[in-house]
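Notes follow once the structure below has been shown.
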Amino acid sequence: MKQMALDIGLHTVPSLESFFAGPNLAAVQHLKLWTASSMPSPVPTYLWGESGSGKTHLLRAVYGALQDQGLSVGWMDAEKHAHLSFDESWVAVLMDDVHLYSLAQQQAAFNWFVNALTPKSGQPRWVLAAGTLPPADLKLRDDLRSRLGWGHVYALQVLNDSERLAVLRQEADSRGLFLSDEVTSYMLTRFSRDLGSLMMLLDHLDQYALQAQRAITIPLIKSMLESS
C-alpha cells in the first residue's frame, strides 16, 4: 500500500524530553548529560543512523536547549553555505548531515573542529555531529573523518511499529486525545512512517479536531486532508 507523505506546514519544536528514546536511550542520556553540564564534553560526539532514526531531532533539541540557557551555538548542515567561519563566542558546534557536505563545507567543518577542541583562549567547545554512516564509511576528507570518529559514537536505531505506536499513544494521551486501534493503524499504513511525520500529523489532527469539535476518526483525517 502506497504511503502518503505529509507536508502541512506544522512543525513542533524538538526537545530531548519529547524524543522517544527506545533503543537509543544511551545516546539520549549522553546528550542530556552534556547539555545540562556547565563543562563542555572533552571529546566530540557523533550520531549515525538511517533516515528517520532521529538524528536531526536530537541535534535541534540540543541546539534549542543550549540557546534557552542563553548560550551561543554554531550550526552547520548540508544547506548552509554562508557564514561558515568559526565564532569564538560559541560554547558548542553542531554539524548535521555531514555525509552530504561539499568540499567547502568539509573545510569549514575541519576548521570548526580545530578551533573548538584546541581554542586560542578559554575552554574547549563541545562538538556534536551526525550523518547516515559510521565515521569510517564517510566519503569525506581523511582529517575530518578521523575526527568524527575520535570520541563518542552512537548508532541510532529506527523505531519499530510497536514503538512508533507507543509514542503516538503517549503523545495523544498527553493531549487528552483518544486514538482508536483503527485510527492508529490507518496512520501507520497510509502516511510516512517516520516519527517526525507522524508527530506532525498528530499535531495537525489535534488542532483540526478541536476546530471541528469532533473526535479523531478516519473520516475526520480524510476531511482534514481534503481541506488542507
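Table for the structure above
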{"read-out": "Test: residue in the range 152-160 that is of a type in the set (A, V, I, L, M) and assigned to a helix (DSSP H, G or I)", "value": "no"}
{"read-out": "Failed criterion for residue 173 (all others in (1) assigned by TED's automatic domain parsing to the domain that holds residue 86; (2) over 22 Å from the mean Cα position of the chain (by Cα); (3) of a type outside the set (Lys, Arg) hold)", "value": "(1)"}
{"read-out": "Selected residue [on the phi > 0 side of the Ramachandran plot and either at pLDDT 95 or above or not assigned by TED's automatic domain parsing to the domain that holds residue 140 (or both)] from 9, 74, 54", "value": "9"}
{"read-out": "Neighbours by Cβ (under 9 Å, 6+ apart or cross-chain): first from the range 57-82, free of Cβ contacts under 8 Å to residues at least 12 places away in the same chain and under 21 Å from residue 124 (Cα atoms); second β-branched (Val, Ile, Thr) and outside any helix (DSSP H, G or I)", "value": "67/73; 69/91"}
{"read-out": "Single unsatisfied condition, residue 108 versus (1) touching a Lys or Arg at 6+ places or on another chain (Cβ under 7 Å); (2) not in a loop (DSSP other than H, G, I, E, B)", "value": "(1)"}
{"read-out": "Failed condition for residue 70, given (1) in a helix (DSSP H, G or I); (2) farther than 15 Å from residue 148 by Cβ; (3) more than 15 Å from the chain's Cα centre (by Cα)", "value": "(1)"}
{"read-out": "Candidate set: the range 174-193, residues that are basic (Lys, Arg) and not in a helix (DSSP H, G or I); chosen: the one farthest from residue 215 (Cα to Cα)", "value": "193"}
{"read-out": "Subset of the range 92-126 (residues that are surrounded by fewer than 19 Cβ atoms within 10 Å (Cβ to Cβ) and either over 21 Å from residue 140 (Cα atoms) or not assigned by TED's automatic domain parsing to the domain that holds residue 67 (or both))", "value": "118, 119, 120, 121, 122, 123, 124"}
{"read-out": "Residue that is farthest from residue 60 (Cα to Cα) [pool: residues in the range 134-147 that are surrounded by fewer than 16 Cβ atoms within 10 Å (Cβ to Cβ) and in contact (Cβ under 8 Å) with a residue 40 or more places away in the chain]", "value": "139"}
{"read-out": "Positions within the range 179-198 being without any contact (Cβ under 8 Å) to a residue 40 or more places away in the chain and β-branched (Val, Ile, Thr), in sequence order", "value": "183, 184"}
{"read-out": "All positions within the range 199-220 that are farther than 28 Å from residue 15 by Cα, in contact (Cβ under 8 Å) with a residue 12 or more places away in the chain and either touching a helix residue (DSSP H, G or I) at 6+ places or on another chain (Cβ under 6 Å) or part of a helix (DSSP H, G or I) (or both)", "value": "218, 220"}
{"read-out": "Filter result for the condition that a residue is touching a Lys or Arg at 6+ places or on another chain (Cβ under 7 Å), buried (at least 22 other Cβ atoms within 10 Å of the Cβ), within 24 Å of residue 193 (Cα to Cα) and modelled with pLDDT of 95 or more, over 47, 59", "value": "47"}
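Here's the yes/no breakdown for (1) out of contact with any helix residue (DSSP H, G or I) (no Cβ under 7 Å at 6 or more places or on another chain); (2) outside any loop (DSSP other than H, G, I, E, B); (3) among the polar types (S, T, N, Q); (4) closer than 14 Å to residue 131 by Cα:
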| residue | (1), (2), (3), (4) |
| --- | --- |
| 30 | yes, yes, no, no |
| 35 | no, yes, yes, no |
| 39 | yes, no, no, no |
| 47 | no, yes, no, yes |
| 50 | yes, no, no, yes |
| 53 | yes, no, yes, yes |
| 62 | no, yes, no, no |
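The values are calculated or read from the model by the stated rules, or taken from the named source; none is laboratory data. The structure presented is a predicted model; accordingly, all values stated were derived computationally and were not measured. Please note: Cβ atoms are built from the backbone with ideal geometry, for glycine as well, and neighbour counts cover all protein chains shown.
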